[in-house]
Amino acid sequence: MIVYELTRKLKENFDVPIAVDSSIPSEIRAADNAGADMIVNIDLMNIDKVSNIDKDVAIVVVPRNPNTGLIPQDPDSRVKYLVETVNKARNVGFRKVIADAILDPPFSTFKSLIAYYRFKEVMPNVPLFMGIGNVTELIDADSIGVNAIMTMLAQEVGASIVFTVEKSQKARGSVLELKVASQMAAIAKYRESPPKNLGVSMLVLKDKRRAGIEINEPYNEVINAFGEERQFRFDPLGLFKIYVDHKNHLINALYIGKKGRILIRGRSAKVVRHEIAARGLVSEISHALYLGEELAKAEAALMLGKEYVQERPLFKQLKYIKVNK
């Protein structure tokens, strides 16, 4: 079975806890036989069929209605089924039971948070699991801000475990973002203060304040560099095609010119430009300035996980939809 083989190989090759998310009894048993450390998605419909698995494996139970097979929308119904599932899991001998009230996507998120809060009031000693990816993946906003606020809300309702995936391109980096956000939430709770000025932050694209540095050096002339871009002479030595390799975390600069075809690879704009200069692959100042601009953009794209296309802007200005009155 695929679940068994995959879980076994992961256990053999990585010294990390392995969790398997499935509601199918045969897959749950296979994961347990392969040594999974956690099973996610135990409910009132499958618990009797998997009650013979290792009782020391951690299980995450969910509030599925056994009559309909659905997660109820009403917070009180979720709490009711979740409490029943936790008690059933304990009665059959499971010792590590974690509850998941199921975080819903936007426009149902608040209601699902109420279920988390009310469950914690009823069973305060049961750890809560929250899948924040349900929100992050379903909103076209930068994940770092979404993950930050959702982690703070998770802390407020008493969640112990926050979980996410990096399924889409826009959600890449979410695991690290949740780790940092969790540290912020924990420190803020300990200090009984808002999550700011903690020594750790999630400010990446914006700063808390501007330095406001003024030019105090003397100068003889002021030139306003506005207007259309100028066309510069083609560098007779050749040209560069620049790519960002996110998989291997590399900036690739392909030189094509009199000295052949040379691929220069590096993890920063600085090391790539040093190689270009050391090998004498640029002869025009305008070309060198252009490469500096593009390599800087490529490095920013690499750091932020953004798509890089040579000679195109890296960032888009936020715009709203104009409505005609």
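Using a probe of 1.4 Å on the protein chains alone, the accessible area found for residue 14 is around 120 Å². For the stretch 205-249, the gyration tensor built on C-alpha atoms gives an oblate shape. Its axis ratio a/c (a ≥ b ≥ c) is at least 1.5, and a/b is not larger than b/c. Placing 255, 219, 308 in order of accessible area, with the largest value first and a 1.4 Å probe, yields 219, 308, 255.
For a straight C-alpha distance cut-off of 23 angstrom, the lysines reachable from residue 241 (same-chain residues fewer than eight places away being disregarded) are 258, 259, 270, 297, 306, 316. Using Cα-only point scatterers and the Debye equation, what is log10 of I(q)/I(0) for the stretch 168-289 at each q in 0.10 Å⁻¹, rounded to two decimals? Log10 of I(q)/I(0), two decimals: -0.66.
Relative contact order of the stretch 241-325: 28 percent, from C-alpha pairs under 8 Å at least 6 residues apart in sequence.
Label reach from residue 283 (point 7 Å along Cα→C-beta): in the stretch 239-266, amide nitrogens under 17 Å belong to 239-240, 255-262. Site pair residue 247 and residue 204 shows an inter-label distance of 2.2 nm when each label is modelled 7 Å from Cα along Cα→Cβ.
For the chain, adding -39500 (n - 2.57) for each run of n ≥ 4 DSSP H residues and dividing by the number of residues yields -11500 deg cm²/dmol at 222 nm. Relative contact order for the chain: 8 percent, from Cα pairs under 8 Å spaced at least 6 residues apart, divided by residue count. Using a Förster radius of 25 Å, what is the FRET efficiency between residue 122 and residue 95 based on their Cβ-Cβ separation? Nearest 0.05, please. So, using R0 = 25 Å, E works out to roughly 0.80. For the stretch 58-192, the number of Lys pairs separated by eight or more positions or lying on different chains, with C-alpha atoms closer than 24 Å, is 15. Label positions at residue 293 and residue 230, each projected 7 Å from the Cα along the C-beta direction, are separated by 1.2 nm.
Spin-label pair residue 160-residue 304: with each label point 7 Å from Cα along the Cα-Cβ axis, the two points sit 3.8 nm from one another. Once the chain from residue 2 to residue 169 is taken as fully extended at 0.36 nm per residue, the excess over their C-alpha distance is 57.5 nm. Among 282, 62, 157, the largest mean-square fluctuation in a Gaussian network model of the chain (Cα springs under 10 Å) belongs to 282. Once C-alpha pairs closer than 8 Å and six or more residues apart are averaged by separation and normalised to the residue number of the stretch 155-219, the relative contact order reads 21 percent. Computed from Cα atoms alone, the Kirkwood hydrodynamic radius reported for the chain is 24.2 Å. Summing +1 for each Lys or Arg and -1 for each Asp or Glu among the other residues whose beta-carbon sits under 11 angstrom from that of residue 163 gives -2.
Give me the distance between the Cα centres of the stretch 1-80 and the stretch 182-228, rounded to whole Å. Here the answer is 44 Å between Cα centres. Checking the a/c ratio against 1.5 first, then a/b against b/c, what shape does the Cα gyration tensor give for the stretch 1-81? Cα axes put the stretch 1-81 in the prolate bin. Taking Cα centroids, how far is the stretch 257-325 from the stretch 88-158 in Å? Spelled out, the Cα-based centre of one part sits 41 Å from the other.
The values are calculated or read from the model by the stated rules, or taken from the named source; none is laboratory data. Keep in mind it's a predicted model, so treat the numbers as computed, not measured. Note: ideal-geometry Cβ built from the backbone for every residue, glycine included; neighbour counts use all protein chains shown. Ligands, DNA and RNA are stripped out before the accessible areas are found, and what is left, the full protein with its side chains, is counted by its heavy atoms. Shrake-Rupley method; radii C 1.70, N 1.55, O 1.52, S 1.80 Å.
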